[in-house]
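Below is one structure, written out as structure tokens; comments come after it.
The values are calculated or read from the model by the stated rules, or taken from the named source; none is laboratory data. Given the structure is predicted, the values throughout are model-derived calculations rather than measurements. Neighbour counts are summed over all protein chains in view; Cβ atoms, including those assigned to glycine, are modelled from backbone coordinates with ideal geometry. Protein only, heavy atoms only, side chains kept; ligands, DNA and RNA dropped before computing areas. Shrake-Rupley method; radii C 1.70, N 1.55, O 1.52, S 1.80 Å.
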Amino acid sequence: MKSSAQVVVIGGGVVGCSVLYHLTKRGWTDVVLVERNELTSGSTWHAAGGFHTLNGDPNVAKLQEYTIGLYKEIEELSEQATGIHVTGGVMLVSNQDRWDWLKGAHAKNRYLGVQTELISVEKAAELFPLMDPSKFIGAMWHPLEGHLDPSGTTHAYAKAARKNGAEVYRQNRVTELNQRPDGTWDVVTENGTIHAEHIVNAGGLWGREVGRMVGLELPLLAMAHQYIITEEMEEVVNFNKETGKELYHVIDFDGEIYMRQERSGMLMGTYEKNGIPWHEVESPWDFSMELLPPNLDQIADNLERGFDRYPPFQNAGIKNVINGPFTFAPDGNPVIGPVRGLPNHWLATGVMAGFSQGGGVGLALANWIVDGDPGFDVWAMDVARYGSYANLAYTNAKVRENYGRRFSITFPNEELEAARPLRTTPIYDRLKENNAVFGCAFGLENALWFQEKGKEPIDEFSFRRSNSHPMVAEEVAAVRGGVGMIEISTFAKYEITGEGAETWLSYILANKIPRKGRMSLSPMLNPNGKLIGDFTIAKLDDERFFIFGSGNAQEYHMRWFEQHLPESGVTIRNHDLDLVGLSIAGPKSRALLQKITRHDVSHEAFKFMDIREMDLGLVPALVGRVTFTGDLGYEIWVKPEYQRVLFDLLMSEGEEFGLRLFGGRALNSMRVEKSFGSWATEFRPIYGPVEAGLDRFVSYTKNDFIGRDAAMKEKEEGPERKLVTFTVDALDADVIGDEPVWHDGEVVGWVTSGGYAHNSGKSVAIGYIPAKLLEDGSNGKFEIEVLGEMRPAALQNEPLFDPESKCMRT
Ligand SMILES: Cc1cc2nc3c(=O)[nH]c(=O)nc-3n(C[C@H](O)[C@H](O)[C@H](O)COP(=O)(O)OP(=O)(O)OC[C@H]3O[C@@H](n4cnc5c(N)ncnc54)[C@H](O)[C@@H]3O)c2cc1C
């Protein structure tokens with residue numbers, strides 16, 4: 001065994017072996033993998049081996065497609081068979097909501113280039129004669145589905161990596177991880193210590209325990225999962241004979257079942273409600289190549305439903321029941337990437353679909369280790385999407401929920417209930433008294449909209465306009481016509497102090513730093529000139545600054561800030577909920593603010609983008625003249641102990657102006673009619689500032705800053721695509737995001753977000769299209785596919801509301 005290596009990968013499941021292979025593919029050959037037992041001895045060996053590209057996040061779906069394409073490559077390189085069968089697959093639905101969802105998924109696939117096809121039930125029954133057609137209403141065909149041999153595939157990755165120079169040490173558990181002062185690692189194993197520059201936790205079933213070796217409580221939990229294998233089935237044999245083909249893969253969403261052919265019989269797996277965690281607190285180290293005892297009672301309801309929907313199963317004998325554990329994150333996506341505060345420590349954990357996702361995870365992580373950037377938009381898999389709220393108890397509740405919902409629909413207006421409420425601000429009860437319908441972001445409860453007094457504050461979940469629609473309309477009208485108040489504690493607020501603060505900020509942010517008492521907008525770029533942040537920056541004093549940004553990205557941004565902090569002279573503090581906020585907006589907001597403060601807040605004394613510390617009533621507050629509504633308005637930041645008093649004050653003093661509470665849905669409605677982009681939808685690490693229309697907030701000549709050269713190049717060469725706004729001739733459904741944009745009968749782009757702009761009475765979509773379509777001045781016909789229906793769309797060259805921004809600025 002080597003005593004040092006550039007990278008030590010811990011864990012020889014399909015994921016660890018893929019990471020190892022991809023590191024060698026990137027040319028890093030001084031890399032080793034340490035496996036406690038034999039390769040595959042965690043969750044990998046007993047997997048059903050199915051694969052597909054379906055994922056709620058199109059960027060993850062792309063990486064799944066990459067994974068499937070990779071199997072030929074590793075097979076050839078390693079000369080080890082993966083047992084791959086690309087059979088194609090059918091996804092079956094039996095209710096209208098799921099049909100809407102499937103049409104949306106199919107539409108999304110068009111811009112991803114994934115070749116799916118919506119088919120009739122009759123056609124589906126021809127492809128999969130075991131089904132009872134009367135139980136279904138539609139289906140989607142996808143050629144890129146199939147199954148493989150989990151063990152062969154894992155060994156193929158490992159052999160290919162070895163051929164490229166990697167080494168694999170089996171029967172050798174990693175027992176300790178110690179970081180040296182220079183950031184390198186001592187990996188203590190049963191057979192000695194390896195000194196490594198980087199380490200990768202690919203511990204699978206024990207990813208959580210490997211995390212604990214360095215004091216991390218990772219949001220991971222393994223659940224017991226079962227599938228059955230039948231004896232030979234006559235119907236299967238006949239189908240094979242008649243068609244010369246294997247039966248297709250099936251996912252039956254409403255049945256919560258997946259199926260494929262296994263020899264001359266069938267494999268049927270199911271995700272039952274009330275799934276059982278494997279070990280809630282500690283996974284036993286002495287478990288390997290083992291199964292759990294069959295527990296058919298646990299899945300009896302699902303099997304009964306399955307046998308009813310696929311009658312030939314009723315006469316088939318069950319040959320085998322496989323019950324094995326595998327690991328999930330709270331949202332079911334992988335947990336990968338660098339860990340904040342632990343240099344050179346990488347995660348490749350929480351991969352619940354190793355044969356669909358393992359290749360993409362390996363590629364992204366290897367890129368990240370070698371280049372400092374994953375090379376893709378991996379936000380949906382990044383460990384930084386979770387904060388410290390995602391503790392053991394939270395993970396336990398959320399993973400159980402996710403497991404039971406594996407094949408359930410999550411509607412765009414649906415907020416999942418497990419582990420809530422968890423984080424609340426002092427006005428939570430006040431908002432509740434006002435009949436708020438809450439959402440949850442980064443563990444924090446926030447008001448989405450306010451239900452009429454006397455009615456139950458619940459959303460009716462739908463892909464179409466829901467019961468919130470008329471109430472949100474009223475909230476918007478209150479703001480645009482008078483004044484409204486929203487809580488904005490979900491924003492991130494960072495305070496940067498020190499003699500080096502301004503120089504440092506000007507190096508990590510792309511815009512100029514504002515003058516004292518002023519704010520400006522600034523993107524943050526990575527070295528490739530892509531957007532990794534979109535902030536409001538405020539200068540309070542020579543050595544004191546604030547940055548406001550997306551609360552969901554606070555771990556992601558703090559990780560970046562800390563990686564780039566100088567050794568001395570700059571201190572950064574994430575206030576999180578040590579600072580909470582309220583915002584008032586609308587033409588009467590100035591009068592309301594003036595009523596509660598002795599400071600002069602007239603337009604002349606307190607201009608757009610000014611920021612001041614001032615007393616509001618008794619409350620010391622930081623007030624900035626800006627809002628995301630695109631109207632006259634203010635953001636007010638206070639310590640939590642003052643928030644209730646301030647809320648009560650604004651509510652009572654606001655009465656004479658008709659003050660009304662509004663929530664996140666109304667805010668979205670107002671920002672889309674201003675064509676304001678937002679982090680994680682319009683602004684993501686795959687877009688440059690010119691593409692996203694943020695170049696007016698980039699000061700290309702101020703001084704050197706991260707991403708400047710690449711951003712300059714984008715500006716000089718011109719962008720490939722541009723962010724634009726459309727009005728959509730919608731029926732009863734507005735865009736959600738990820739719908740394809742068509743131009744003269746061809747898919748040319750995609751929607752990032754949108755919604756109904758109540759004030760303008762228009763349905764709005766924001767998204768990216770090729771820049772040349774704008775340059776050509778093309779007035780061809782645009783359409784957006786909303787829930788599978790082509791809806792005419794018109795390019796909106798200026799914001800629908802207040803195009804000259806007079807409301808904000810005067
Ligand atoms: C019944 C069942 C059916 C499934 N069906 C499918 C399917 O059809 N398609 C699909 O894509 N996925 C399926 N899965 C999920 C799939 O098995 C996982 O996604 C995959 O195995 C995850 O691989 P991994 O490498 O992350 O974890 P693991 O396979 O658990 O590998 C982790 C490895 O790390 C080693 N290790 C841990 N700690 C240490 C340490 N301290 N020192 C050294 N080594 C260590 C372990 O011994 C283990 O070998 C199924 C799972 C189950 C249980």
Relative contact order for segment 310-359, counting Cα pairs under 8 Å that sit 6 or more residues apart, in percent: 28 percent
In Å², nearest 10: area of Thr395 left accessible to a 1.4 Å probe: 0 Å²
Residue pairs, from the table Lys607/Lys702; Lys639/Lys806; Lys595/Lys639; Lys455/Lys806; Lys512/Lys806, whose Cα atoms sit over 26 Å apart: Lys639/Lys806; Lys455/Lys806
FRET efficiency estimate (nearest 0.05) - Cβ-Cβ, Asp97 to Glu126, R0 25 angstrom: 0.45
Solvent-accessible area per residue, Å², over the chain with all protein chains present [probe radius 1.4 Å]: 37 Å²
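Go through segment 754-810 and name the GluC sites (Glu not before Pro) that are in a DSSP coil and have 13 or fewer other Cβ atoms within 10 Å of their Cβ.
On the way: sites: Glu775, Glu783, Glu785, Glu789, Glu804; in loops: Glu804.
Passing sites in segment 754-810 are Glu804.
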12 Å Cα-Cα reach of Lys715 towards aspartates and glutamates, excluding residues that sit fewer than 8 places from it in its own chain: Glu691, Asp695
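Using the C-alpha gyration tensor of the chain, what are the square roots of 5 times its eigenvalues, in whole angstrom, with the largest one first?
On the way: eigenvalues 412, 214, 127 Å².
Calculated on Cα positions only, the semi-axes equal 45, 33, 25 Å.
What shape does segment 276-393 have by the C-alpha gyration tensor, where a ≥ b ≥ c are the square roots of the eigenvalues, rounded means a/c under 1.5, and otherwise prolate means a/b greater than b/c and oblate the rest?
On the way: a/c = 2.54, a/b = 2.01, b/c = 1.27.
It comes out prolate by the Cα gyration axes.
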Mean-position separation - Cα centroids, segment 210-239 and segment 92-130, in angstrom: 25 Å
Set of aspartates and glutamates with alpha-carbon distance to Lys103 below 14 Å, sequence-local pairs under 8 removed: Glu117, Asp738, Glu739, Glu785, Glu789
Charge tally in the Cβ shell below 10 Å around Gly255, where Lys, Arg are +1 and Asp, Glu are -1, Gly255 excluded: -1
Accessible-area composition of segment 1-118, carbon plus sulfur, in percent [1.4 Å probe]: 46 percent
Accessible area (Å², 1.4 Å probe, nearest 10) - Asp459: 20 Å²
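In deg cm²/dmol and to the nearest 500, what is the mean residue ellipticity at 222 nm of the chain if only DSSP H runs of at least 4 residues count, each as -39500 (n - 2.57), divided by the residue total? Write down the numbers at each step before the final one.
Numbers: 20 runs with 215 residues, N = 810.
The helix contribution divided over the chain gives -8000 deg cm²/dmol.
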Spatially proximal lysines relative to Lys453 (Cα-Cα < 19 Å; intrachain offsets below 8 disregarded): Lys432
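Once neighbouring chains are kept in place and the probe is 1.4 Å, which whole percent of the accessible area of segment 651-810 is contributed by carbon and sulfur? The partial results should precede the final answer.
On the way: 3120 of 6830 Å².
Within segment 651-810, the accessible surface is 46 percent carbon and sulfur.
Below 12 angstrom from the Cβ of Phe647, what's the summed charge of the other residues (Lys, Arg +1; Asp, Glu -1)? Walk me through the intermediate numbers first.
Values: positive: Arg430, Arg644; negative: Asp429, Glu433, Glu487, Asp648, Glu653.
So the surrounding residues net to -3.
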Filter on Lys72/Lys163; Lys108/Lys722; Lys25/Lys398 - keep pairs with C-alpha separation over 24 Å: Lys25/Lys398
Glu804-Val188 FRET efficiency (beta carbon distance; Förster radius 60 Å; 0.05 resolution): 0.40
Percent accessible area from carbon and sulfur atoms, segment 160-291, protein chains only, probe 1.4 Å: 45 percent
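Could you give the dipole magnitude of the chain about its Cα centre, charging the beta-carbon of Lys and Arg +1 and that of Asp and Glu -1, in debye to the nearest 20?
Numbers: 80 positive and 112 negative charges, 297 e Å.
It comes to approximately 1420 debye.
How would Arg515, Arg721, Arg644 line up by accessible area, probe 1.4 Å, largest first?
Numbers: Arg515 170, Arg721 55, Arg644 95 Å².
Of Arg515, Arg721, Arg644, the descending order of accessible area is Arg515, Arg644, Arg721.
Under 1.5 on a/c is rounded, so check that first for segment 411-455, then, if it is not, pick prolate when a/b is larger than b/c and oblate when it is not; a ≥ b ≥ c are the square roots of the alpha carbon gyration tensor eigenvalues.
Details: a/c = 2.23, a/b = 1.19, b/c = 1.87.
Cα axes put segment 411-455 in the oblate bin.
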Solvent-accessible surface (1.4 angstrom probe) belonging to Phe450, in square angstrom, nearest 10: 10 Å²
Within-10-Å neighbourhood charge of Lys530 [Cβ basis; K, R +1; D, E -1]: -3
